[in-house]
């Protein structure tokens, strides 16, 4: 085993720096927007002179707090996120400092569980909901989403007192695209066999993507890519696995950890904490609002129907990264991703790529049982 | 070459000894609190009964839930791979395996002894040997007699709950209503069979199917599956040892 990548320390250390930075920004009057999802465009937030911080929860300790009001049988991500907000706003000490650092929440109309949870949030934090057309690909959907984005822009202008001008928006688009290009560079190196970085290492980085400032994040990725280019690939001969499915929010690394502890190497994650967050770029030569509407509606979330773009993307990724098998990860009670697994499995079967479906929550009670399934799956694909 | 396979299962520990790919002997015993102690004990008994010295065994492979605790094993393999190898040794024509054990049930799709797909039950006792064990207790029938009793039923009772705890209380209320013991037994077996058949059909098993694991000793269960699938199942002479057998075969290389 070779020493860990030094650049990963950068991401570990950046936490305190970022918290200090956000406190300072707020003291100077900058509004900080909390988001839970990839569908809320950073570009518009930054063009309005606001800051952004993700609040999507992967921790297990805030779930019990959420279950004091939310039903138990909904996904752990929703419960964890809600629990963190409630706890922080009611003087609890469970959650990290994030909630206290934000002025407003900008939520999005994705799955049913989240939508209904967001209806409870205004009791704790001012909440704005961005609507999404859920049948993507039609001109009407783009037109509608464009109007939603403009409305959102207006809301931010009122909140911050800053006007969003087209030039600034284009600058922010270029800057976000730069982040996306860097992530493509990082992910491209994972196509090597064996890859110079493990999935668990990449996950540590991806979980910080929307927590750090874009400058901070890009600097970290740059350092990491440079270090990787000079790193002799670790001698890992295990099967090449793709993770596909639900996000793994900060605090939740269970499945990636099990898969790699069992001897496989994760070469790509088709998830919100993987390719979904950066794969498509925003067209830079287009009218910026339209370009944003088009790019963001291409995010292949399972709340979209029919989600053909996701199915073909998964097959493409499997080929591109030469995967031996796909571990399809569903958060417990996430019906969208769970049901969509059937179409994904069919498409992969045609390509003769095996799939293992794992459904799990944030607790540790099923680690052994998942381990048995992973062991058998890796033996099967080896 | 002499090899051994140990299947450290959740409910029972199994050991198989092989010489040049022929079964020399096997042992089955309940798993005690400690996986390793249980395995050591039956392995020693088996060696003694087979008149083989421990040092003459070239390789020991372990499988089953407790395989990582078997420190004297050279390697561990998953029970899914092990069953596939074991069943292939006994019935090379088999394409699908239904394994119902003490803690879980699985459907394994195989081609020439290699696993091509598999499905395991959810993380609860429904559709496993545990379900039958608990509910047999509520029926006050020894678990070994449950299947035979069920075969005598002409009007199986409907057991709607698949949760072990709820099914237990359902059995008690059926008893209170005066439903015959054999009809309740048949209802329980039909319930488990139905649950496992959903998994089997999801994996598209059609024919050449083996039934293994402790529950395969239950005659009623075999009949219930065969009725659903419309084919005769392959059941090994000792359905509990296919995992340990597969481990011993893999150890042979």
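With label points built 7 Å along Cα→Cβ from the Cα atoms of residue A:94 and residue A:181, find their separation and express it in nm.
Those two pseudo-labels are separated by 4.3 nm.
Want the number for residue A:6 to residue A:147: 0.36 nm per residue separation, take away the alpha-carbon distance, what's left?
Numbers: separation 141, 0.36 × 141 = 50.76 nm, distance 4.48 nm.
Between residue A:6 and residue A:147, full extension yields 46.3 nm more.
Take residue A:125 and residue B:168, extend 7 Å from each Cα along the Cα→Cβ direction, and tell me the distance between the two endpoints in nm.
Distance between label points: 4.4 nm.
Kindly put B:89, A:46 in sequence by how many other C-beta atoms sit within 10 Å of each C-beta, fewest to most.
Details: B:89 18, A:46 23.
With the fewest neighbours first, B:89, A:46 line up as B:89, A:46.
In which sequence would A:190, B:67, B:21, A:231 go, from the one with the fewest C-beta neighbours within 10 Å to the one with the most?
On the way: A:190 22, B:67 26, B:21 11, A:231 17.
Arranged by neighbour count, lowest to highest, A:190, B:67, B:21, A:231 become B:21, A:231, A:190, B:67.
What distance in nm lies between label points placed 7 Å from Cα along the C-beta direction at residue A:134 and residue A:283?
2.8 nm
How many percent of DSSP beta bridges within segment B:93-235 run antiparallel, rounded to 5?
Values: 11 of 16 bridges.
DSSP beta bridges in segment B:93-235 are roughly 70 percent antiparallel.
At a 10 Å Cβ-Cβ cut-off, how would you order A:218, A:310, fewest neighbours first?
Working: A:218 17, A:310 22.
Listing A:218, A:310 from fewest to most nearby Cβ atoms yields A:218, A:310.
Is there a simple number for the mean count of other chain Cβ atoms within 10 Å of the Cβ of residues in A:363-369, and what is it? Working shown, then result.
Numbers: counts 0, 0, 1, 2, 0, 3, 7.
Per residue, the average neighbour count from other chains is 2.
Select from A:222, A:341, A:320 the residue whose mean-square fluctuation is largest in a Gaussian network model of chain A (Cα-Cα springs shorter than 10 Å).
A:320
Give the separation of the Cα centroids, segment A:1-64 to segment A:341-382, in Å.
If you average the Cα positions of each part, the centres end up 31 Å apart.
If I take every Cα pair under 8 Å that is 6 or more residues apart in segment B:111-253, average their sequence separation and divide by the length, what percent do I get for the relative contact order? All intermediate terms of the calculation are to be shown ahead of the outcome.
Numbers: 165 pairs, mean separation 35.1, N = 143.
In percent, rounded to a whole number, it is 25.
Whole number please: convex hull volume per residue of the Cα set in segment A:309-378, in Å³?
Working: hull volume 6.3 nm³, N = 70.
Cα-based convex hull of segment A:309-378, divided per residue, equals 90 Å³.
Restricting to DSSP H runs of at least four residues, report the calculated mean residue ellipticity at 222 nm for chain B, -39500 (n - 2.57) per run over all residues, nearest 500 deg cm²/dmol. Each step should come with its number before you reach the end.
Numbers: 8 runs with 105 residues, N = 253.
Calculated mean residue ellipticity at 222 nm is -13000 deg cm²/dmol.
Express the relative contact order of chain A as a whole percentage, based on alpha carbon pairs under 8 Å and six or more residues apart in sequence. Mind showing how you got there, number by number?
Details: 604 pairs, mean separation 72.3, N = 382.
Relative contact order for chain A comes out at 19 percent.
Could you work out the relative contact order of chain B, using alpha carbon pairs under 8 angstrom and six or more residues apart, expressed as a whole percent? List each step's numbers first, then the result.
On the way: 562 pairs, mean separation 64.5, N = 253.
Once normalised by length, the contact order is 25 percent.
Which percentage, to the nearest 5, of the DSSP beta bridges contained in the protein assembly as shown is antiparallel?
Details: 26 of 65 bridges.
Here the share of antiparallel DSSP bridges comes out near 40 percent.
For chain A, rounded, prolate or oblate, judged on the Cα gyration tensor with a ≥ b ≥ c (square roots of eigenvalues), a/c < 1.5 rounded, else prolate if a/b > b/c? Let's see the in-between values first.
Numbers: a/c = 1.39, a/b = 1.34, b/c = 1.04.
Judged from the Cα gyration tensor, chain A comes out rounded (a/c under 1.5).
Please average, across the residues of A:371-378, the number of beta carbons from any other chain that are within 10 Å of each residue's own beta carbon, and give a whole number. Before the final figure, lay out each step's value.
Details: counts 3, 9, 6, 1, 9, 13, 5, 2.
That works out to 6 on average.
Enter the angle in degrees (range 0 to 90, nearest 10) between the Cα long axis of helix A:7-27 and the first principal axis of the Cα atoms of chain A, meaning the one along which they spread out most.
Its long axis makes an angle of about 10 degrees.
Could you state the angle between the C-alpha long axis of helix B:242-252 and the longest principal axis of the C-alpha atoms of chain B, as a value from 0 to 90 degrees rounded to the nearest 10?
So the helix axis and the longest Cα principal axis differ by about 20 degrees.
With angles folded into 0 to 90 degrees, how steeply does helix A:335-350 sit against the dominant principal axis of chain A? Use alpha carbons for both and round to 10.
The answer is roughly 40 degrees.
Per the helix-only calculation at 222 nm, which mean residue ellipticity applies to chain A, given -39500 (n - 2.57) for every DSSP H run of n ≥ 4 and division by its residues, nearest 500 deg cm²/dmol? Walk me through the numbers before you get to the answer.
Working: 14 runs with 184 residues, N = 382.
Mean residue ellipticity, 222 nm, calculated: -15500 deg cm²/dmol.
Taking Cα centroids, how far is segment A:155-173 from segment B:29-47 in Å?
Their Cα centres are 71 Å away from one another.
If r is the Cβ-Cβ distance from residue A:188 to residue A:166 and R0 is 35 Å, what FRET efficiency results, to the nearest 0.05? Show your work: numbers first, answer last.
Numbers: r = 32 Å, r/R0 = 0.92.
Calculated transfer efficiency: 0.65.
Most mobile of B:157, B:180, B:73 per a Gaussian network model of chain B (Cα springs, under 10 Å)?
Ranking B:157, B:180, B:73 by mean-square fluctuation puts B:180 first.
Sort out for me the Cα centre separation of segment B:114-172 from segment A:174-197, rounded to whole Å.
Each part's Cα centre sits 52 Å from the other's.
Report, for chain B, the % of DSSP beta bridges that are antiparallel, rounded to 5. Numbers along the way, then the final one.
Details: 26 of 38 bridges.
Antiparallel bridges: around 70 percent, rounded to the nearest 5.
Mind checking B:76-86 for the average number of partner chain beta-carbons within 10 Å of each residue's beta-carbon? Before the final figure, lay out each step's value.
Working: counts 1, 3, 11, 3, 7, 6, 2, 1, 3, 0, 0.
Rounded to a whole number, the mean comes out at 3.
Among A:22, A:94, A:331, determine the one that fluctuates most according to a GNM of chain A built with springs between C-alpha atoms less than 10 Å apart.
Among A:22, A:94, A:331, the largest mean-square fluctuation in the Gaussian network model of chain A belongs to A:94.
With r as the distance between the Cβ atoms of residue A:61 and residue A:154 and R0 = 51 Å, compute the FRET efficiency 1/(1 + (r/R0)^6) and round to 0.05.
Values: r = 38 Å, r/R0 = 0.75.
Computed FRET efficiency for residue A:154 and residue A:61: 0.85.
Laboratory data are not the source of any read-out in this text; all were calculated from the coordinates shown. Here the structure is a predicted model, which is why all the values come from computation and not from measurement. Note: ideal-geometry Cβ built from the backbone for every residue, glycine included; neighbour counts use all protein chains shown.
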